[in-house]
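Inspection log for the structure reproduced underneath, given as structure tokens.
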Amino acid sequence: MPDQQETLLIVDDEDIIRRLLRLKLSNEGYQCEEADGAEQTMNTLATSPIALVILDIKMPGKSGIELLPEIKSGFPDTAVIMATAVTDVNVAIQCLKQGADDYICKPFNLDEVSLAVQRALEKRRLQLEVREYQQFLEERVEEQTGEIRKLFLGAIEALVSALEAKDRYTGGHSRRVTQIALALGKELGLSPQDMEDLRWASLLHDIGKIAVDQTIQNKPARLTPEEYEHIMTHAHIGAEIVRPVVNGKISEMIEHHHDHHDGSGLHQVIAGNDIPLGARIIAVADAFDAMISDRPYRSAMSVKEAIDEIKRSAGAQFDPLVVTAFLKTAEIAATRAQIL
Ligand SMILES: [Fe+2]
């Protein structure tokens, strides 16, 4: 028994042929619509859900051959059976190559018409089922990927917290930098994907400190140039550590998070807008949080002093565009930094 939802459209310029087909197919339980030419066909397809079109090849005006590609591109889920005179079989085969599902020959053997309709509808049902299943699988994969990413991010967060917990000066630093950086990213109008990358890069920006000598990092005095150089290797080491598990944009942000906008940073190879925007954002967020935190060799600056220092460094250490965004969000950033 045909599916009640499946409506057929019979297209023929001859009224008697449409009536003949309609009679046969209605008797078999199909809902039938009719069209006498190209225009009516396209209008009916646009307004009703049609499962299958029986399309006459020879019609005045636009022929079935011309109409077929329009139907297939506008309504790819609609099956099409071409109706042709016996002498046009070659043309009908040509139509199969262009996406028609079958052809029937005039004069019609009505039982064959009925069989062709059944076959084409069955094929269409299977195609729709396969596509639905594919969509279902794609959604599941997307869901699972999201879950895995969430778990991984959670594990990384825990690792970063554990690393920072060893050091009373940097506890919670990466989490605060992430919050400030995301506020700046929002202010700068970053896309959701760029925001996601920025979140990862901020959280992981100092992961390379795992390889840094703790006695140098916690030295209660100013660092010698050699010691400073050693500490600064953490940017490159961090990028190398995360490269196998994150995308290239994230590792680049980590690699360049200590670059100075004017190119004056240590062993710097790029400057200005060549530095990834995310790295320029993290640079400001990182410096701000570091300035308002105690360090082994100095006590914390006030929030106001830190903001002034960042303002002074616009165009030198920091990208002026990011500093402008920072000043706009400074109040929020400062509040967040204070309550954490
Ligand atoms: Fe750093």
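Only protein heavy atoms count here; on that basis, with a 1.4 Å probe, Cys105 has an accessible area of about 40 Å². At full extension, Val130 and Glu142 could sit 2.5 nm farther apart than now, given 0.36 nm per residue minus the alpha carbon distance.
Between the amide H of Arg295 and those of Ala300, distances stay under 5 Å, these residues lying 5 or more places away or on another chain, with hydrogens modeled in the peptide plane. Helical runs assigned H by DSSP (4 residues or longer) give the chain a calculated mean residue ellipticity at 222 nm of -19500 deg cm²/dmol, each run adding -39500 (n - 2.57) before division by the residue total.
Based on the Kirkwood approach, the hydrodynamic radius assigned to the stretch 111-227 is 19.0 Å, with every pair of different Cα atoms included. Derived from the Cα gyration tensor, the three semi-axes of the equivalent ellipsoid of the chain are 72, 20, 17 Å, largest first.
When all protein chains stay in place and ligands, DNA and RNA are ignored, the 1.4 Å accessible-area order of Glu39, Glu240, largest first, is Glu39, Glu240.
Ranked by accessible surface with a 1.4 Å probe, highest first, in what order do Phe136, Phe318, Phe75 come? Write out the running numbers ahead of the final one.
Details: Phe136 105, Phe318 5, Phe75 50 Å².
My answer, sorted largest first, is Phe136, Phe75, Phe318.
Amide H contacts of Ala85 (H built 1.01 Å from N, in plane; Pro and chain starts excluded): Lys106 sit under 5 Å, all sequence-distant by 5 or more or on other chains. For Arg131, the accessible surface of its heavy atoms amounts to roughly 100 Å² (probe 1.4 Å, protein chains only, rounded to the nearest 10). Choose one answer from Gln98, Gln135, Gln217: the residue with the largest mean-square fluctuation in a GNM of the chain with alpha-carbon springs under 10 Å. Its mean-square fluctuation being the largest, the pick is Gln98. Computed from backbone phi, the HN-Hα couplings of the stretch 305-315 come to 4, 5, 4, 4, 5, 5, 4, 5, 8, 5, x Hz, rounded to whole numbers (Karplus: 6.51 cos²θ - 1.76 cosθ + 1.60, θ = phi - 60°; Gly and Pro given as x). The stretch 83-159 and the stretch 1-78 have Cα centres separated by 19 Å. Each Cα pair under 8 Å and six or more residues apart adds its separation to the average, and for the chain the resulting relative contact order is 11 percent. Can you bin the stretch 191-340 into rounded, prolate or oblate? Criterion: square roots of the alpha carbon gyration tensor eigenvalues sorted a ≥ b ≥ c, rounded for a/c under 1.5, prolate for a/b above b/c, oblate for the rest. Judged from the Cα gyration tensor, the stretch 191-340 comes out rounded (a/c under 1.5). 3J(HN,Hα) along the stretch 102-112, derived from phi through the Karplus expression 6.51 cos²θ - 1.76 cosθ + 1.60 where θ = phi - 60°, amounts to 6, 9, 10, 9, 8, x, 6, 8, 4, 5, 5 Hz, with x in place of Gly and Pro. For the chain, with all protein chains in place and a probe radius of 1.4 Å, 54% of the accessible heavy-atom surface sits on carbon or sulfur. Each residue was assigned an accessible area with a 1.4 Å probe, and for Thr47 the value is about 120 Å².
In this simple spin-label approximation, Ser302 and Thr233 carry label points 7 Å from Cα along the Cα→Cβ vector, and these lie 4.0 nm apart. Here Lys166 is the anchor, and the lysines within straight C-alpha reach of less than 22 Å, apart from those fewer than 8 places off in the same chain, are Lys209, Lys219. Put simply, the amide H of Cys32, placed in the peptide plane, has neighbours under 5 Å in Leu8, leaving out anything fewer than 5 places away on its chain. Using C-alpha pairs under 8 Å with a sequence gap of at least 6, the mean separation divided by the residue count of the stretch 89-245 gives a relative contact order of 14 percent. Contact order, relative form, for the stretch 26-176: 15 percent (alpha carbon pairs under 8 Å, 6 or more residues apart, mean separation divided by residue count). Applied to the stretch 132-139, the Karplus parametrisation 6.51 cos²θ - 1.76 cosθ + 1.60 on θ = phi - 60° returns per-residue 3J(HN,Hα) values of 4, 5, 4, 4, 4, 5, 4, 5 Hz, with x for Gly and Pro.
The values are calculated or read from the model by the stated rules, or taken from the named source; none is laboratory data. Source: prediction; values computed, not measured. All Cβ positions, even for glycine, are placed from backbone atoms using ideal geometry, and neighbour counts span all protein chains on display. Surface areas here come from the heavy atoms of the whole protein model, side chains and all, with no ligands, DNA or RNA. Shrake-Rupley method; radii C 1.70, N 1.55, O 1.52, S 1.80 Å.
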